1. From the Cα trace of the range 166-273, what convex hull volume per residue do you get, rounded to a whole Å³?
2. In units of 2.2 N^0.38 Å, what is the alpha-carbon radius of gyration of the chain?
3. Considering only C-alpha atoms, what is the centroid distance from the range 52-124 to the range 233-297, in Å?
4. Please give the Cα centre distance for the range 187-203 versus the range 207-227, rounded to the nearest Å.
5. How high is the relative contact order of the range 12-152? Use alpha-carbon pairs under 8 Å, at least six apart in sequence, and give a whole percent.
6. Once the mean 1/r over all distinct Cα pairs of the range 212-316 is inverted, what Kirkwood radius in angstroms do you read off?
7. Assuming R0 = 45 Å, what is the FRET efficiency of ASP302 and THR12, from their Cβ-Cβ distance, to the nearest 0.05?
8. Among the lysines, select those whose C-alpha is under 25 Å from the C-alpha of LYS156, and discard any that sit fewer than 8 residues away in the same chain.
Amino acid sequence: MPESPKLSSGETLLMVSPADWRGACLSVPALRALKRMGIELRLLCPDRQSTFWEASQLGKIIPYPDQAPAKEIAGRVQGESTSLAWEAGAAADACAKAKIPRRLGPPAKGLVKRLTEPVEVIERAGPVKHRVQFFLGIAAKLGAETMVRQNFMPVKLGVPQATDRVLLVPDSDLGSHHEWPLDRWEEVARSLLERGLKLRVGIAGPLGGALAEALPEADSVKLELPALEDLSACALCVAADGSVPHLAAHVGTRCLVLFGPGEPEWMRPLGKQHVIVRRKVECSPCHAAKCAMDLRCQQDLDTAEVLRGLGRMIRG
């Protein structure tokens, strides 16, 4: 097996941001580890991620239009010496078109042909590993010390946090099969109001809009991701599985996440302070774009189970 490539203190590294929000959040500990070893980071990202990377304070940001072709992106990275791409896509293609001399990344399908130095992390058979291990494994191969507490600390925005306000986000950007029924969200909301808590509904889609309409006692906010300040303003976020819990955790908001077809062991928000609630059924985890059965992973999750999880968090 060829020796894995290494980076040295003082080198400049162009990091190609993962395209999805969850991947961006989970790559942060690995990038902090690389920065801690003395690497100067430059972050290539779509425009919609600019505020996220600015808040993360990891290095200079090189944004590009969200749907830009590889040729256009390549013009923005001319002269870079080393790049790291986690996945295939237009930005990774742009690094090859720009003829960056060292192009690092995992030997994944669609990406390996764009690399000059593949970074392979051998995964042993066993239990499901959290996705963060993928990013940390590559950083470790490049010479970084990854398991350092500071690599996992939340970003502090300086936004005042209302300790008695709970943010409810029923919409999921993963699809409607990742969403819990509206009537049960209403039941949970009524229970929280009875406890004297203030509610804010985060509207990221139709379900959030319907919940806001059903709760005149709550205020609401339209969530335009990454929505970091909106997520940071509440001490507790109750959300469907999707990008929102990861972004909320990124800014230090505790989350209770309702998992349906997803696998929490693989993609839960980082940190022991978060609570996962799910009803494990025989067909989950499921990676289908749409449920072919009766959505039992959502229908079988009752409000009592969610309220028990919330009770533990509120008491804590």
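Since every read-out is calculated from the coordinates, none of them should be taken as a lab result. It should be emphasised that the depicted structure is a prediction, and the values quoted were computed from it without experimental measurement. Don't worry about glycine lacking a Cβ; one is built from the backbone with ideal geometry, like all the others, and counts go over all protein chains shown.
1. Spread over its residues, the Cα hull of the range 166-273 gives 92 Å³ apiece.
2. Relative to the rule-of-thumb radius for its length, the chain sits at 1.05.
3. Using only Cα atoms to place each centre, the spacing works out to 29 Å.
4. Each part's Cα centre sits 12 Å from the other's.
5. 26
6. 14.9
7. 0.25
8. Straight-distance partners of LYS156: LYS35, LYS60, LYS198, LYS222, LYS272.
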